[in-house]
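Only one structure is covered here, and it is reproduced in the block below.
The values are calculated or read from the model by the stated rules, or taken from the named source; none is laboratory data. Model, not experiment: these values are computed from the prediction. Reconstructed Cβ throughout: ideal geometry from the backbone, glycine too, with neighbour counts over all protein chains shown. Quick note on the areas: whole protein, heavy atoms, side chains included, nothing else; ligands and nucleic acids left out. Shrake-Rupley method; radii C 1.70, N 1.55, O 1.52, S 1.80 Å.
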Amino acid sequence: MAVPVASKCLGSLSLLSRRLSAPEFTTRCCYHKKVVDHYENPRNVGTLDKNSRNVGTGLVGAPACGDVMKLQIQVDDQGKIVDARFKTFGCGSAIASSSLATEWVKGKSVDEALTIRNTDIAKELCLPPVKLHCSMLAEDAIKAALADYRLKQQDGQQEAVSASS
Amino acid sequence: MLSAKPFRAACSSWAVLMWTNRLCISKVCMSTSFSIKDTWHCNRNVRSLLKARGLTCNTNQSSTLWNNCSGRSKVSCWSCKQPLDQTPAFFCVSCKVVQPPEEGTSYFKIMACDYTFTLDTQQLQKKYLQLQRLLHPDNFSQKSVTEQQYSESQSALVNKAYTTLLKPLSRGLYMLELEGMHIKEGTESAHSAFFMELMEINEALDEAQTPEEANKIGQDTKGKLAELTEQIDTALRKGILLQ
């Protein structure tokens, strides 16, 4: 299937709080106001120290549309996610999906965060069918961050074992 | 405010070209381990490819994708029943009547281009205009309904062939399709180092303070694109030579 690179995505950056010329909130043709809200007031944009043992970093992308998403979680010693940050380069829906993802993972345990589904994200943001892959990407980012955290914990445990023996 | 759009588009192109490139190279590596008659010439691959496009096919026609008319079944003009000796035959040589498009003809054959990744787009455009001057339905408004329908199909097919072959990305993907490979949209099988690189480029672009800095990043990305395009061309060429 030929992939349209002439992007479906807005081609926007997440970091700066740029104001778009305000879209009129008419039906059908625009981003949903929830998506616009996340775009204009992004939550949890930023970076955590990826070298820290308590930080899991998930970096995912969709080469088909050029989206790249980085999601980081900070987990305390009880296995609860206390902080989350994201950086996304992609369309408004991708930014909103990852922003929402960081909001949702905060306060959850590592196991609870695994239950977040792309369908929930898409439903919350009222994503149209053509943008469902953005919510999928956000789910993948969460899982990648959790997997990275798990790996670090396992490595840490192995180090402790070999140090004591 | 700096416009990041063109560079994002270049980034996207690069991302996909890179992904395409990786698949090309892995395909070339795969094919070297099989005997030539097993893989790419395999009718099975071609048949499944044609099926995927919803076309009917027969074993004879599959070879038209690669070769010039060796062993293809003879097609005759629907009007005067004379054999059509060319591939593709837009018009009958004898009675000059427009012919329906032949299923399974590759876009390269339709646009009379060599089956390579590097293409002379000017030549392609010339051929496109030439063909549309002959085939466009406006030329057939006084002709029979059948001829009008045939000219419509031919014209649409030429449009499709042209737009697919014009851009390197769609051309590369089409060539992979012809080799039986499809790239799905998704995040699987991509390396995190690749995403890291993409992330860094995007961040650098975001932090650029002047148009010159942004342009430099754009130039670097274009350079990478050109390099990848060359690599893809080499990989595809190698793969074709292995047939």
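Annotations
- Scanning the stretch B:193-215 finds one or more residues that are away from chain A (no Cβ under 11 Å), under 28 Å from residue B:118 (Cβ atoms) and part of a helix (DSSP H, G or I).
- Qualifying residue in the stretch B:150-164 (condition: at the interface with another protein chain (Cβ under 10 Å from one of its Cβ atoms) and on the phi > 0 side of the Ramachandran plot): no
- One residue stands out in the stretch B:147-191 among those that are outside any helix (DSSP H, G or I) and under 16 Å from the mean Cα position of the chain (by Cα): the one that is modelled with the lowest pLDDT, namely B:183.
- Qualifying residue in the stretch A:117-139 (condition: open to solvent by less than 40 Å² (accessible area, probe 1.4 Å) and of a type in the set (Asp, Glu)): yes
- The numbered conditions (1) exposed (fewer than 14 other Cβ atoms within 10 Å of the Cβ); (2) assigned to a loop (DSSP other than H, G, I, E, B) are all true for residue B:118 except (1).
- Search result, residues across the stretch A:1-60 that are β-branched (Val, Ile, Thr), under 30 Å from residue B:182 (Cα atoms) and modelled with pLDDT under 50: A:3, A:5
- Counting only strands (runs of 3 or more DSSP E) that fall entirely inside the stretch A:41-100 and contain at least 2 residues that are within 12 Å of another protein chain (Cβ to nearest Cβ) and of a type in the set (Val, Ile, Thr), the qualifying elements are A:55-62.
- Within the stretch A:140-154, considering residues that are more than 14 Å from chain B (Cβ to nearest Cβ) and closer than 22 Å to residue A:85 by Cβ, the one most open to solvent (accessible area, probe 1.4 Å): A:150
- Residue that is touching a Phe, Trp or Tyr at 6+ places or on another chain (Cβ under 9 Å), among the small types (Gly, Ala, Ser) and within 20 Å of residue A:67 (Cα to Cα), where the choices are A:94, A:122, A:138, A:113: A:138
- Restricting attention to the stretch B:132-158, the residues being free of Cβ contacts under 8 Å to residues at least 12 places away in the same chain and within 19 Å of residue B:112 (Cβ to Cβ) number 2.
- In the stretch A:123-147, the residues that are in a helix (DSSP H, G or I), within 16 Å of residue A:62 (Cβ to Cβ) and more than 9 Å from the chain's Cα centre (by Cα): A:129, A:130, A:131, A:132, A:133, A:134, A:136, A:143, A:144
- Listed by first and then second residue, the pairs linking a residue in the stretch B:95-110 that is open to solvent by 30 Å² or more (accessible area, probe 1.4 Å) to a residue that is small (Gly, Ala, Ser), with Cβ atoms under 7 Å apart and 6 or more places separating them unless they lie on different chains, are B:95/B:79; B:100/B:153; B:101/B:153.
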